[in-house]
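**Q** For reference, the structure I am asking about is given below.
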Amino acid sequence: MKFSDYTYQRPDFPSYQEEYNQALSALKDADSLAFAKEAVDTLNRLRGTIDTAANLASIRYSINTNDAFYEAEDEFWNTYQPHFEALDFKFYQTLLTSPLLPELKEIYPETLFLFAESRVKLFDESLIELFQKENQLSSDYGKLVASAQIEFQGQVYTLAQLRPFTENKDRKIRQEAFEKQTAFFADHETEFDQIYDDMVQVRTEIAQKLGFSNYVEFADTQMNRWDYDRQMIETYRQEILEKVVPITQKLYQRQAERNQLDHATYIDLPLVYPTGNATPKGTPEALVEKARIMYHEMSPETGEFFDFMVEHDLLDLLSKKGKQSGGYCTFIQDYQSPFIFANFNGTSGDVDVLTHETGHAFQAFSSRWIKEPEILFPNFESCEIHSMSMEFIAWPWMDSFFEDETEKYKFAHLASGLQFLPYGVLVDHFQQEVYEHPNWTPEQRKQCWRELEKQYCPERDYVEMPDLDRGLYWFRQGHIFESPFYYIDYTLAQVCAFQFWYRFIVAQDETAWQDYLAICQVGGTKTFLEILSLAHLRSPFEKGALDDTLAAVDQYLSEIPESQLK
């Protein structure tokens, strides 16, 4: 069955609610473990069906925001998702108050109960209208970004399609592309400001009505940060600022010298090499075929998985009009199918998507045995280990994608991973400041962004970009709008992925694959630090872990002569 044949049916909420409540009553009244297990399994099946419908509607709407049918379905889910969540809230309450709780904990993963404990703190039926409003605001942001139709050199492009021009060897073309890109956000500044202002107010109201002092506390609970807290995050951010930023500035200086620039401004940053950045060779179809060969050679498990993805048309990779920006991976429960969404644009990012999102999808495929929808994927900081590590595991096959530009790709790929860390923690720091000051004006938010940007990313000189210089850059960072506080997770995972990079590429550690496979197979049944222990990786919060990892990456990059990067 192809993805196009997967059946979407809008659920009838009253009928579903009745069936759900019957199973809940069975769980509440269960006088034996067998009866309790039967009720939980029934609830998992019901919740999986809803998860499937919501995912199908979301995927198909993201592929074409101009599809009237799925736009209506998106509005349905924005309205009804909180009602379905209200039922799940009752499930978590019933589960945690069951007299058979000790016995249930023996047969279901511990993280299901940790998740339940988090969720009962995050929901109240009286707040459904606020949750609905938040959902609609998120859709409004996605639709606004997807609406971009930018005239450039006689053609019309989406934001994703415009990106290759920002990496062009010709500086005038780069500058014009950046100006067009930024102009879209500046032209719609009032709309972006209003959407975000409404989001901050709604989220703050939700958090305070649930007893949190602010939305930061709410978000850390929502993100299931079971192994670490906000204070540890703040310390980690400071470590990045003090230890990583000096290394990134050294890399940017090396890039400027390579490009024969006395001073590089923001427009110069995307061009890593004067001869042009490494680009993948071949059509999108050829790249997918190269990926198929790679995954067959990598392991039997990845070969079987990638065949499944291709045979069922579970990759939507091409950028097109009306398609939402970005890339993601999700899992369609009733069809036991991962799904990958991307926007190919002819840059090295196309290959990154085929490795990064495939890392997510392979983990989900490997964890199909997990029937609880909320723990098929682990928490975000753990999820991203699978994806970012897969980018490095794929390095031995990069010559098939980049041919004579392979070394250029690898150097830029590793360096950009390091350069990402300060930006990743900047996004978290900015959001913390915003939600600790919910009454800030849009201008104050932009000023805060720019001040933090100068600390974490001092290489960003916006001398030619006045709109960015006054703090508009974050408008394009969808996570800030749609998935608040989901970003520092990428940096935590990147530090872990660097360790896998060292084991696979530098040390040639023969045990590395089995460790990677092991964490893909446990899904979300373990916490972040438990996953790191299983993979034999050091925690980013562990004293000295950051130092050793940074030293290894810095040394590797420093030892690559410029002669190899022509």
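The values are calculated or read from the model by the stated rules, or taken from the named source; none is laboratory data. The structure presented is a predicted model; accordingly, all values stated were derived computationally and were not measured. Don't worry about glycine lacking a Cβ; one is built from the backbone with ideal geometry, like all the others, and counts go over all protein chains shown.
**Q** What is the residue count in segment 187-215 for residues that are assigned to a helix (DSSP H, G or I) and either within 18 Å of ALA116 (Cβ to Cβ) or touching a Lys or Arg at 6+ places or on another chain (Cβ under 7 Å) (or both)?
**A** 2
**Q** Scan segment 383-402 and tell me whether some residue there is crowded, with 21+ Cβ neighbours inside 10 Å, in contact (Cβ under 8 Å) with a residue 12 or more places away in the chain and farther than 24 Å from GLU304 by Cβ.
**A** Scanning segment 383-402 turns up no residue that is crowded, with 21+ Cβ neighbours inside 10 Å, in contact (Cβ under 8 Å) with a residue 12 or more places away in the chain and farther than 24 Å from GLU304 by Cβ.
**Q** With the condition kept exactly as written, say whether any residue in segment 505-516 is within 27 Å of PHE305 (Cα to Cα) and under 18 Å from the mean Cα position of the chain (by Cα).
**A** no
**Q** For segment 470-515: of the residues being charged (D, E, K, R) and assigned to a loop (DSSP other than H, G, I, E, B), which is nearest to SER138 (Cα to Cα)?
**A** ARG470
**Q** Now for a different question. Keeping to segment 336-347, report how many residues are modelled with pLDDT of 95 or more and surrounded by fewer than 22 Cβ atoms within 10 Å (Cβ to Cβ).
**A** Looking only at that region, the number is 3.
**Q** If you scan segment 87-123, which residues turn out to be under 27 Å from the mean Cα position of the chain (by Cα), under 19 Å from PHE212 (Cβ atoms) and of a type outside the set (Gly, Ala, Ser)?
**A** If the condition is that a residue be under 27 Å from the mean Cα position of the chain (by Cα), under 19 Å from PHE212 (Cβ atoms) and of a type outside the set (Gly, Ala, Ser), then PHE89, TYR92, LEU114, PHE115, GLU117, ARG119, VAL120, LYS121, LEU122, PHE123 are the ones that fit.
**Q** OK, next. Being within 16 Å of ASP350 (Cβ to Cβ) and among the acidic types (Asp, Glu), is that true of even one residue in segment 258-267?
**A** No, that holds for no residue.
**Q** Checking the condition touching an Asp or Glu at 6+ places or on another chain (Cβ under 9 Å), among the hydrophobic types (A, V, I, L, M, F, W, C) and surrounded by fewer than 16 Cβ atoms within 10 Å (Cβ to Cβ), which residue from LEU315, LEU261 passes?
**A** One residue alone meets the criteria, LEU261.
**Q** Moving on to the next point. Only one of (1) out of contact with any Gly (no Cβ under 9 Å at 6 or more places or on another chain); (2) of a type in the set (A, V, I, L, M); (3) surrounded by fewer than 20 Cβ atoms within 10 Å (Cβ to Cβ) is not met by ILE63, so which one is it?
**A** With respect to (1) out of contact with any Gly (no Cβ under 9 Å at 6 or more places or on another chain); (2) of a type in the set (A, V, I, L, M); (3) surrounded by fewer than 20 Cβ atoms within 10 Å (Cβ to Cβ), ILE63 is out only on (1).
**Q** Then there is this: Would you point out the residue of segment 353-387, among those that are within 14 Å of the chain's Cα centre (by Cα) and not in a helix (DSSP H, G or I), that is nearest to PRO338 (Cα to Cα)?
**A** Step by step, filter segment 353-387, then rank; the result is PHE377.
**Q** Specify the residue that is surrounded by the most Cβ atoms within 10 Å (Cβ to Cβ); the eligible residues are those in segment 355-371 that are of a type outside the set (A, V, I, L, M, F, W, C) and either free of Cβ contacts under 8 Å to residues at least 12 places away in the same chain or in contact with a Gly (Cβ under 8 Å, 6 or more places away or on another chain) (or both).
**A** Ranking the qualifying residues of segment 355-371, first place goes to GLN363.
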